[in-house]
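**Q** Handing you this structure, nothing more for now.
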Amino acid sequence: MVFAIQPFCKRETILPKTLLRVLSGETVSPPPVWLMRQAGRYLPEYRAIRAKTKNFLEMVYTPDIAVEVTLQPLRRYGMDAAILFSDILVIPDALGQSVAFMQGEGPVLEPLRTATDIGRLTSAGLHEHLAPVYETVRRLAKELDSNTALIGFAGAPWTVAVYMVEGRGGTDHATIRRWAYSDPVGFGRLIELLVEATVAYLSYQIEAGAEAVQLFDTWAGVLSEQQFQQWCIAPTKAIVERLREKHPGVPVIGFPRGAGALYVDYISNTGVNGIGLDTGVPLSWAAQVLQPQGAIQGNLDNQLLATGGNALDAAVDRLLAIFGHGPFIFNLGHGIVPDTPPEHVARLVERVRAWNG
Ligand code: 1CP
């Protein structure tokens, strides 16, 4: 009896996961699907756990909770990938900057403004501080079935620096942009420190079981062409090269939100295997210009997912028709918004899975 079931088990484990096949350049039909912020406040079971914890970081640093919350959307919808439940701001937190998550307000940090402030940061305790995150990855790697890929992630240096310098995200970024112009050497030290910490952090995630990693550069779109080269492309390229030396088989997805036409430079110069498109990127242009260079991930409007109905179905079909004949991972252009009805997510996943174009 034992022998009778073995061939099936073996076959299951040998077949690479669809997300990894796509990131290696294959076209898979229907394409794999996962959604940015697939774990989060739109799910009642997430809100129930959140209500019982002191603050958001406690969720992130408690492996029992982080594993549970990561798995919640998979139980409902069976996406093709799980993304580690954590946040891009664990890096400043682990480097010794004070980070707090205010209810309904998002993150607030003690802003960093001078070379002296940078000098106070230290990576000496980085891995000790982040050990619970690695433990979450290890447990998830054991929990996931043989079709579901585990994505680790970090913020890209520019975006993490935005929060560290501005103290929050959604501002005009005047302080950081002026600092980068007036003192590129001093500011560059912060970016270098973040490159180092990010390589170390992602390497540990990979060693703990992450099968692909995503770099979120949420605020890349505020940079001018030259600054984009210096603060988005160059640090991303350095991270990709160094990860590839250590972990040659592990693909990297880059998400330079708002990069516009600079998506072309990003994909040709950073070495990423896949590229996350924000909602503003024109589909046919991306299919012609970007998809031949790497897997496309994206870019359904998160507000359309919240809206639902026929317009949602039509947009899903359009994305599949345009990107589905090349390497494609179905996703949103930005994270799920908290008031999204969970049944819209079910509808989206079912529709992607039913595609036979
Ligand atoms: O419950 C709550 O109130 C917290 C809401 C929340 C959640 C669910 C925050 C606060 N972070 C997260 C998890 C998170 N953050 C994940 C988990 C995995 C998943 O996708 O399911 C990921 C990948 C992130 C990454 C992240 N955090 C980014 C990059 C992606 C993006 O959305 O642009 C950014 C910019 C952050 C900062 C952050 N953390 C939380 C908030 C509300 C914000 C954004 C604030 C702002 O707009 O500036």
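The values are calculated or read from the model by the stated rules, or taken from the named source; none is laboratory data. No experiment lies behind these values; they were computed from the predicted model shown. Here Cβ is always computed from backbone atoms with ideal geometry, including for glycine, and neighbour counts include all displayed protein chains. When the accessible area is computed, the model is the full protein with side chains, heavy atoms only, and any ligands, DNA or RNA have been set aside. Shrake-Rupley method; radii C 1.70, N 1.55, O 1.52, S 1.80 Å.
**Q** How many residues, within segment 217-229, are hydrophobic (A, V, I, L, M, F, W, C), open to solvent by less than 20 Å² (accessible area, probe 1.4 Å) and either more than 16 Å from the ligand (Cβ to nearest atom) or out of contact with any Leu (no Cβ under 9 Å at 6 or more places or on another chain) (or both)?
**A** Residues meeting the conditions: 1.
**Q** Can you tell which of 143, 135 is open to solvent by 40 Å² or more (accessible area, probe 1.4 Å), closer than 18 Å to residue 38 by Cβ and modelled with pLDDT of 95 or more?
**A** Working: 135 fails: closer than 18 Å to residue 38 by Cβ.
Criteria check complete, one pass: 143.
**Q** Under 9 Å between Cβ atoms, which residue pairs at least 6 apart in sequence (or on different chains) link something in segment 289-304 that is closer than 12 Å to residue 344 by Cβ with a partner that is assigned to a loop (DSSP other than H, G, I, E, B) and charged (D, E, K, R)?
**A** Final answer for the pair search is 302/37.
**Q** Let me ask something additional. Being over 14 Å from residue 284 (Cα atoms), free of Cβ contacts under 8 Å to residues at least 60 places away in the same chain and open to solvent by less than 30 Å² (accessible area, probe 1.4 Å) is the filter here; which residues of segment 310-332 pass it?
**A** Hits for segment 310-332 are 312, 313, 316.
**Q** In segment 147-192, how many are under 21 Å from the mean Cα position of the chain (by Cα), within 15 Å of the ligand (Cβ to nearest atom) and in a helix (DSSP H, G or I)?
**A** Within segment 147-192, residues that are under 21 Å from the mean Cα position of the chain (by Cα), within 15 Å of the ligand (Cβ to nearest atom) and in a helix (DSSP H, G or I) number 8.
**Q** Inspect all residues belonging to segment 290-305 and state whether any of them is of a type in the set (Val, Ile, Thr) and either in a helix (DSSP H, G or I) or open to solvent by 20 Å² or more (accessible area, probe 1.4 Å) (or both). I'd like the intermediate steps shown before the answer.
**A** Step one: filter segment 290-305 for residues of a type in the set (Val, Ile, Thr), giving 296.
This time we only want the ones that are either in a helix (DSSP H, G or I) or open to solvent by 20 Å² or more (accessible area, probe 1.4 Å) (or both), so: none.
No: zero hits.
**Q** Additional query: Please enumerate the residues belonging to segment 212-267 that are in contact with a helix residue (DSSP H, G or I) (Cβ under 8 Å, 6 or more places away or on another chain), more than 22 Å from residue 90 (Cα to Cα) and of a type in the set (Lys, Arg).
**A** Answer for segment 212-267, where residues must be in contact with a helix residue (DSSP H, G or I) (Cβ under 8 Å, 6 or more places away or on another chain), more than 22 Å from residue 90 (Cα to Cα) and of a type in the set (Lys, Arg): just 246.
**Q** Can residue 214 be described as open to solvent by less than 40 Å² (accessible area, probe 1.4 Å), within 15 Å of the ligand (Cβ to nearest atom) and not in a helix (DSSP H, G or I)?
**A** Answer is yes for this residue.
**Q** Next question. Go through segment 85-102 residue by residue and tally those that are open to solvent by 30 Å² or more (accessible area, probe 1.4 Å), outside any loop (DSSP other than H, G, I, E, B) and of a type in the set (Gly, Ala, Ser).
**A** Matching residues across segment 85-102 total 1.
**Q** Among the numbered conditions (1) open to solvent by less than 60 Å² (accessible area, probe 1.4 Å); (2) hydroxyl-bearing (Ser, Thr, Tyr); (3) part of a helix (DSSP H, G or I), tell me where residue 116 comes up short.
**A** (1)
**Q** Continuing with this model, one more query. Just to verify a result, which residue in segment 333-343, among those that are open to solvent by less than 30 Å² (accessible area, probe 1.4 Å) and not β-branched (Val, Ile, Thr), is nearest to residue 38 (Cα to Cα)? So that I can check it myself, show each step before the final result.
**A** First, the residues of segment 333-343 that are open to solvent by less than 30 Å² (accessible area, probe 1.4 Å): 333, 335-337, 340, 342.
Restricting the remaining residues to those that are not β-branched (Val, Ile, Thr) gives 333, 335, 342.
Values: 333: 13, 335: 8, 342: 10 Å.
Per the criteria, the residue is 335.
**Q** Taking segment 331-347 on its own, how many of its residues are in contact with a Leu (Cβ under 7 Å, 6 or more places away or on another chain) and within 25 Å of residue 273 (Cα to Cα)?
**A** Number of matching residues: 4.
**Q** Sticking with this structure for a sec: Contact list please: Cβ distance under 8 Å, first residue in segment 133-146 and in contact (Cβ under 8 Å) with a residue 12 or more places away in the chain, second residue open to solvent by 60 Å² or more (accessible area, probe 1.4 Å) and not in a helix (DSSP H, G or I), pairs at least six apart or on different chains.
**A** 146/15
**Q** Could you check segment 225-274 and list, in sequence order, the residues that are in a helix (DSSP H, G or I) and of a type in the set (D, E, K, R)?
**A** Within segment 225-274, 225, 237, 241, 242, 244, 245, 246, 265 qualify.
**Q** Give the residue that is nearest to the chain's Cα centre (by Cα), with candidates limited to residues of segment 54-71 that are within 12 Å of the ligand (Cβ to nearest atom) and surrounded by 20 or more Cβ atoms within 10 Å (Cβ to Cβ).
**A** Within segment 54-71, the match that is nearest to the chain's Cα centre (by Cα) is 70.
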